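The values are calculated or read from the model by the stated rules, or taken from the named source; none is laboratory data. Keep in mind that what you see is a predicted model, and the values were worked out from it rather than measured. With ideal geometry, Cβ positions are generated from the backbone for all residues, glycine too; neighbour counts draw on all protein chains shown.
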Amino acid sequence: MKFTALIPALNEGKTVGAVVKSCLESGLIDEVIVISDGSTDSTAEVARESGAHKVIELPQNKGKDYALNAGALASQSDYLVLLDADLMGLKPEHIRQLIQPILKGEAEATLGLFKKGSLPTDLAQAVTPFLSGQRVLPRWAWEEGVAPQVGVGFGLEVVLERFLKSKGIKVEKVYLPGLSHRMKEQKMGFGKGFLSRMKMYFQIFKALFGKGAKTEGRDKI
């Protein structure tokens, strides 16, 4: 049983290195792939210096789902470990906590939730836990459930959650104490961060409530 960490990143040079190192130090990740989604900062360079096995540099920003799919296509493992590049406080123990239920045969997939990291992120995940970007899932579930619908952007977690439920895949929630991530407003400034957040919410709501949202197939989203 092998695990590949997929880390999509857009201008996350400040935090991506620590995420890569935590994966490597966990002792359970066989391959770390960072996908720089049109970054214009040091993201790719930092990822390489931190020990990522592969760094994919997309020339233009294509979206989180497109970046993750590029990483999935380049991976060789049975399971994919999806991690945000802007995580703060990530430790090797968090990675192990995410993977252990699968190694023990207690679940087929896991969903990582922030706990006692920061109030805004804790509240957000308490309200909508299925939107967490920290997951472990079988490679086949991505290939069958998400890859055909690439184009939904940040709606990918909605698409993925719906697919896992439709297949009866047991997903175990794993609480990750002390973990949070940088808010968009912190990274971009209030104005640009707010606009980026609105774009993210639009993609999520479109996946949730758009025409044909409950029907499989990219052209039905």
Handout entry: All helices (runs of 4 or more DSSP H) inside segment 95-168 with 1 or more residues being buried (at least 16 other Cβ atoms within 10 Å of the Cβ) and at pLDDT 95 or above
Key = 139-145
Fill in the blank from the handout: Within segment 75-94, the residues that are assigned to a helix (DSSP H, G or I) and either within 25 Å of GLU143 (Cβ to Cβ) or of a type in the set (D, E, K, R) (or both) are GLU93
Practice task
Confirm whether GLU12 is of a type in the set (Asp, Glu) and under 22 Å from SER132 (Cα atoms).
Solution key: yes
Handout entry: Number of the condition not met by LYS64 [criteria: (1) over 16 Å from VAL146 (Cβ atoms); (2) surrounded by 21 or more Cβ atoms within 10 Å (Cβ to Cβ)]
Key = (1)
Practice task
Within segment 5-27, track down each residue that is crowded, with 22+ Cβ neighbours inside 10 Å, within 18 Å of SER77 (Cα to Cα) and either among the hydrophobic types (A, V, I, L, M, F, W, C) or modelled with pLDDT under 95 (or both).
Solution key: ALA5, LEU6, ILE7, VAL20, CYS23
Problem - segment 28-50, residues that are surrounded by fewer than 22 Cβ atoms within 10 Å (Cβ to Cβ), more than 16 Å from SER75 (Cα to Cα) and of a type outside the set (A, V, I, L, M, F, W, C) - result: GLY38, THR40, ASP41, SER42, GLU45, ARG48, GLU49, SER50
Problem - Residues of segment 28-74 that turn out to be at pLDDT below 95, in a loop (DSSP other than H, G, I, E, B) and touching a Leu at 6+ places or on another chain (Cβ under 8 Å), as a count - result: 1
Completion exercise
Scanning segment 73-90 residue by residue, those surrounded by fewer than 17 Cβ atoms within 10 Å (Cβ to Cβ) and among the charged types (D, E, K, R) turn out to be ASP78
Practice task
Could you figure out which of (1) at pLDDT below 95; (2) touching a Phe, Trp or Tyr at 6+ places or on another chain (Cβ under 7 Å) isn't true of LEU80?
Solution key: (1)
Handout entry: One residue from VAL20, VAL16, VAL81 being β-branched (Val, Ile, Thr), in contact (Cβ under 8 Å) with a residue 40 or more places away in the chain and more than 23 Å from ALA147 (Cβ to Cβ)
Key = VAL16
